[in-house]
Amino acid sequence: MSVKSTRVAFIGLGAAVRNIHGPAYRMLGDRVTVVGGSDPDAAARAAAEKLGITSFADATELLERTKPQIVAVCSPPGLHRAHVELALAAGCHVFCEKPLAESMEDAAAIVRASTAAGLQVVVNNEFPAMQTHRSAKAAIGTSEFGKLLYLHAWHTNRPTVATEAGWRSGMRNRLGLEFGIHVFDLVRYFFDATPSRVLAHMPRPDPSTPWDAIQFVALDFADGRAASFVLDRLSKGPERYLDFRLDGERAAVHTSIGGQVRASIGMHTRERRPFVDLRLVGGGRAVLEDGTRSRVLGGDGPNPFASATAMHFGDFLDALERGGSPSANASDNLRSLGLVFAAERSAREGCAVVVDT
């Protein structure tokens with residue numbers, strides 16, 4: 001397969017294409033040629049046409065007419081299995097938006113179909129491809145940071161009618177499948193391991209809220225290390241899209257996704273030393289912290305989702321060129337998806353769930 005002119009088609013032409021995949025593939029220049037897209041919604045097709053994407057109402061016609069080499073499945077999650085299997089049957093590799101599926105049964109069926117076809121299915125869990133997270137990962141194991149012992153993540157977001165419109169409003173375990181999957185994936189990325197036990201609590205303090213709004217999750221690893229995170233979509237305070245704090249043997253790393261401008265002045269009480277802190281973050285940043293000392297490790301621009309998708313898709317093309325196994329393939333992604341459902345089961349049954357690692 002030539003990496004110079006890979007033909008890519010979209011199934012689904014919604015916001016993920018307009019805001020993430022479209023800009024990402026343009027970043028890859030002549031490595032990618034978008035040959036068309038399909039969506040049953042006329043408004044979505046009209047918006048795609050304005051971006052120069054030839055559109056079809058029917059996915060089968062799209063595949064027959066455009067002959068893509070890779071299909072980017074960007075349809076609602078409940079349709080992923082059908083659309084991935086359609087693309088595989090047409091002889092195409094697949095780049096599928098997360099979550100891979102809304103059930104482990106459908107996800108496992110996708111893996112079987114991929115294996116039977118001898119074609120690759122990769123999931124766009126793009127967060128490990130963000131420079132913010134890659135620079136944090138690079139610090140793990142260095143003499144400055146040491147071994148990663150514990151991490152904590154937090155997400156504070158304020159949903160609106162607009163953000164929950166369409167398929168999202170009716171999605172079971174919406175918070176876990178649509179966002180928590182990223183956190184579980186990053187936990188596995190930073191630890192280079194899958195947690196062995198999950199304990200979760202998912203209260204509903206506001207029964208009028210149509211979405212699952214709060215998740216508390218604790219994760220144990222077989223070697224005694226641990227992680228935890230809180231997903232909060234009830235807070236009416238400032239939004240924090242996603243922050244991680246990685247605690248190592250000798251230092252910590254704080255990562256932040258979501259732009260911010262912040263200035264603060266104060267006193268370090270223990271050292272009785274004044275400080276001034278000015279932070280200008282475009283899309284993300286990783287900072288190494290040792291007591292009151294800090295150093296920026298790396299970061300992302302104003303659209304980290306598109307730039308990370310470009311990096312992830314480029315890695316996919318490289319793997320196809322080499323004949324190797326790409327990262328975030330469907331088989332590996334089953335482990336992250338399984339953690340989402342393990343947390344849901346833990347919260348439902350009120351007990352810890354042992355994970356098959």
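Worth a mention:
- Put a dot 7 Å past the Cα of Asp315, heading toward its Cβ, do the same for Thr163, and the two dots end up 2.6 nm apart.
- Its Cα centre serving as origin, the chain has a Cβ charge dipole (Lys and Arg +1, Asp and Glu -1) of approximately 860 debye.
- A straight line joining the Cα centroids of segment 120-137 and segment 149-190 runs 16 Å.
- Normalising by residue count, segment 109-234 has a Cα convex hull of 159 Å³ per residue.
- Under 5 Å, built H, 5+ apart or other chain: amide partners of Ser55: Gly37
- Under a 5 Å amide H cut-off, with hydrogens placed 1.01 Å from N, Gly298 pairs with Ala286 among residues at least 5 apart or on other chains.
- Ordering of 245-254, 64-73 by packing [mean C-beta count within 10 Å, highest first]: 64-73, 245-254
- Expressed to the nearest 5 percent, the antiparallel share of DSSP beta bridges inside the chain is 65 percent.
- Peptides 130-136, 17-23 ranked from most to least packed give 130-136, 17-23, packing being the mean of other C-beta atoms within 10 angstrom over each peptide's residues.
- Note, ³J(HN,Hα) from phi for segment 312-318, Karplus 6.51, -1.76, 1.60, rounded to Hz, x at Gly and Pro: 5, 5, x, 4, 4, 4, 4
- Each peptide among 159-170, 100-111, 218-229 gets the average number of other Cβ atoms lying within 10 Å of its residues, and from highest to lowest they stand as 100-111, 218-229, 159-170.
- In Hz, Karplus ³J(HN,Hα) per residue of segment 18-24 (6.51, -1.76, 1.60; θ = phi - 60°; x = Gly, Pro): 5, 9, 10, 5, x, x, 5
- Karplus (6.51, -1.76, 1.60) ³J(HN,Hα), θ = phi - 60°, over segment 161-166, in Hz, Gly and Pro reported as x: 4, 5, 5, 9, 6, x
- Amide hydrogen proximity for Cys96: with H placed 1.01 Å from N in the peptide plane, the residues at 5 or more positions away or on another chain lying under 5 Å are Val73, Val122, Val123, Asn124.
- Computed [θ] at 222 nm, deg cm²/dmol, the chain (DSSP H ≥ 4; -39,500 (n - 2.57); rounded to nearest 500): -9000 deg cm²/dmol
- Spherically averaged projected area of the convex hull of Cα atoms, the chain: 19.2 nm².
Here, each number is a calculation from the coordinates, and none is a lab measurement. Just so it is clear, the model here is predicted, and its values are computed rather than measured. With ideal geometry, Cβ positions are generated from the backbone for all residues, glycine too; neighbour counts draw on all protein chains shown.
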